[in-house]
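A short worksheet on the structure shown next.
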Amino acid sequence: MPGKDHILVVDDDPDIRRQLSGYLEKNGFKVSVAGDGRGLRAVLDKGRVDLVVLDLMLPGEDGLILCRNLRARSDVPVVILSARGEQMDRIIGLEMGADDYLPKPFHPRELLARVKSVLRRVRSFPNHLMSEEETASYRFSDWHLEGVSRKLYSPDGKQVPLSGSEFILLRIFLNHPNRVLSREQLVEMSRGRETDPFDRSIDMQVSRLRRRLEDDPKNPLLIKTVRSAGYVFCARVQKGGTLLGVE
Amino acid sequence: MEKIVVHIDSDLEDIAPGYIENRHKDVAALKEALTANDLEVPKVLGHRMKGSGAGYGFDEVTEIGRRMEEAAKAGDGQSIEALTARLEDYLARVEIVYD
């Protein structure tokens with residue numbers, strides 16, 4: 001089925017798998033299902049997956065660990081589901097690299113909206129950041145970000161995996177180096193007009209991005225926290241042939 | 001017997017009857033587990049019902065599941081038995097209207 005986004009639903013509850021596969025297929029997606037981590041890997045090994053819907057409480061391997069491992073090997077977006085529903089789970093889930101979190105029970109329509117929103121978010125930019133930014137490459141502090149392939153390379157040339165949300169956030173910082181950006185600005189620039197139910201998710205993403213950039217969270221050199229104001233990306237950034245953020 | 005009318009999204013019309021059918025199977029499995037004094041079955045099924053019921057529109061199933069999972073964790077067989085009976089009664093009375 002060419003052209004359809006492929007969603008992988010990982011949940012040990014057959015009723016949830018059935019509900020989601022039926023609902024998402026009705027709404028134009030190709031859907032695969034798996035009941036545990038082994039099933040998840042089997043589907044991923046077979047071909048392209050555009051988004052993973054991942055339950056946290058799975059037999060054998062915990063969903064949070066699966067999410068972390070998934071993030072280490074791929075940038076496929078992840079929406080976490082969990083009946084645990086604690087705020088700490090939500091935070092840990094986002095820290096482990098999930099792009100969104102939905103507590104159970106949920107209406108499938110809400111999941112559909114979130115799936116669409118995450119796919120939109122990781123694939124596109126708000127209008128004011130479109131065009132040139134889509135293809136631009138950047139160099140900063142011996143790091144290299146390729147715009148078209150969305151690949152990040154460390155100073156020693158190693159490729160560092162980035163989730164879709166992390167890539168978008170990094171590109172925003174790279175376009176506004178040495179300038180304080182408030183949390184609200186970061187949310188607005190990364191998500192356009194979409195609203196986010198999780199106020200702290202931008203902090204989680206910054207925290208994850210720091211880890212990707214090997215930036216010590218206690219004493220960050222690249223992404224510094226400006227108390228009560230937001231974050232500032234401290235580096236000379238070269239975008240294509242242009243140097244940014246130099247007064 | 002008084003019916004309990006539940007309004008469910010017509011999007012779920014194909015799969016809601018199957019969901020109720022599976023809860024009937026849960027009742028049978030729970031009764032069997034109670035006889036065997038097995039608390040793992042009500043814990044797992046309670047957890048699943050908690051996470052899925054309201055998503056289909058069956059809020060009562062979520063509530064029963066939530067309580068059942070708690071009772072199983074507490075080793076409270078009496079509550080599990082009462083909740084199994086409550087689930088069985090609900091399934092016998094529920095009538096689905098698709099909107």
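The values are calculated or read from the model by the stated rules, or taken from the named source; none is laboratory data. All of these numbers come straight from a predicted model, not from anything done at the bench. Every residue, glycine as well, gets a Cβ built from its backbone with ideal geometry; the counts of neighbours run over all protein chains shown. Quick note on the areas: whole protein, heavy atoms, side chains included, nothing else; ligands and nucleic acids left out. Shrake-Rupley method; radii C 1.70, N 1.55, O 1.52, S 1.80 Å.
This table checks each residue for (1) modelled with pLDDT of 95 or more; (2) buried (at least 20 other Cβ atoms within 10 Å of the Cβ); (3) more than 12 Å from the chain's Cα centre (by Cα).
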site	(1), (2), (3)
B:His7	no, no, yes
B:Ser10	no, no, yes
B:Glu13	no, no, yes
B:His24	yes, no, no
B:Leu34	yes, no, yes
B:Gly46	yes, yes, no
B:Ser52	no, yes, no
B:Ile64	yes, yes, no
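I want to confirm something. Restricting to region A:180-199 and keeping residues that are assigned to a loop (DSSP other than H, G, I, E, B) and surrounded by 14 or more Cβ atoms within 10 Å (Cβ to Cβ), which single residue is modelled with the highest pLDDT? Here the answer is A:Ser182.
Listed by first and then second residue, the pairs linking a residue in region A:146-167 that is hydroxyl-bearing (Ser, Thr, Tyr) to a residue that is open to solvent by 50 Å² or more (accessible area, probe 1.4 Å) and not in a strand (DSSP E or B), with Cβ atoms under 6 Å apart and 6 or more places separating them unless they lie on different chains, are A:Ser163/A:Asp75. For region A:65-82, a residue qualifies if it is under 23 Å from B:Val44 (Cβ atoms) and either open to solvent by 20 Å² or more (accessible area, probe 1.4 Å) or free of Cβ contacts under 8 Å to residues at least 24 places away in the same chain (or both), and exactly one does: A:Ile65. Only residues that are assigned to a loop (DSSP other than H, G, I, E, B) and within 11 Å of another protein chain (Cβ to nearest Cβ) were counted across region B:1-18, and they come to 4.
Scanning region A:83-117 for residues that are at pLDDT below 85, within 14 Å of chain B (Cβ to nearest Cβ) and surrounded by fewer than 24 Cβ atoms within 10 Å (Cβ to Cβ) yields A:Arg84, A:Gly85, A:Glu86, A:Asp89. For A:Lys26, the criteria (1) open to solvent by 20 Å² or more (accessible area, probe 1.4 Å); (2) at pLDDT below 90 hold in every case but one, which is (2).
Restricting attention to region A:221-232, the residues that are surrounded by 18 or more Cβ atoms within 10 Å (Cβ to Cβ) and either over 23 Å from the mean Cα position of the chain (by Cα) or at pLDDT below 90 (or both) total 0. For region B:19-41, the candidate set comprises residues that are without any contact (Cβ under 8 Å) to a residue 12 or more places away in the chain and either out of contact with any helix residue (DSSP H, G or I) (no Cβ under 7 Å at 6 or more places or on another chain) or among the hydroxyl-bearing types (Ser, Thr, Tyr) (or both); within that set, the residue that is farthest from the other protein chains (Cβ to nearest Cβ) is B:Thr35. Evaluate the following for B:Asp89: is it away from every other protein chain (no Cβ under 13 Å) and open to solvent by 50 Å² or more (accessible area, probe 1.4 Å)? Here the answer is yes, as B:Asp89 does meet what is asked.
Just one of (1) modelled with pLDDT under 80; (2) in a loop (DSSP other than H, G, I, E, B) fails for A:Glu134. It is (2).
Can you tell me which residue is nearest to the other protein chains (Cβ to nearest Cβ) among those in region B:42-60 that are closer than 18 Å to A:Tyr23 by Cβ and in contact (Cβ under 8 Å) with a residue 24 or more places away in the chain? Walk me through how you get there before you give the answer.
Start the filter on region B:42-60 by keeping residues that are closer than 18 Å to A:Tyr23 by Cβ, which leaves B:48, B:51-58.
With in contact (Cβ under 8 Å) with a residue 24 or more places away in the chain added as a condition, the list becomes B:52, B:56-58.
Numbers: B:Ser52: 5, B:Tyr56: 7, B:Gly57: 8, B:Phe58: 9 Å.
Out of the qualifying residues, it is B:Ser52.
Per the listing A:Ser32, A:Ser74, the residue uniquely farther than 24 Å from A:Ile202 by Cβ, away from every other protein chain (no Cβ under 14 Å) and of a type in the set (Ser, Thr, Tyr) is A:Ser32.
Does B:Gly75 satisfy the condition of being open to solvent by 10 Å² or more (accessible area, probe 1.4 Å) and either within 27 Å of B:His7 (Cβ to Cβ) or away from chain A (no Cβ under 13 Å) (or both)? Outline the logic, then answer.
Details: open to solvent by 10 Å² or more (accessible area, probe 1.4 Å): yes; either within 27 Å of B:His7 (Cβ to Cβ) or away from chain A (no Cβ under 13 Å) (or both): yes.
Yes: the conditions hold for B:Gly75.
Matching residues to (1) over 22 Å from the mean Cα position of the chain (by Cα); (2) open to solvent by 40 Å² or more (accessible area, probe 1.4 Å):
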residue	(1), (2)
A:Asp13	yes, no
A:Ile16	yes, no
A:Val31	no, no
A:Asp45	no, yes
A:Asp55	no, no
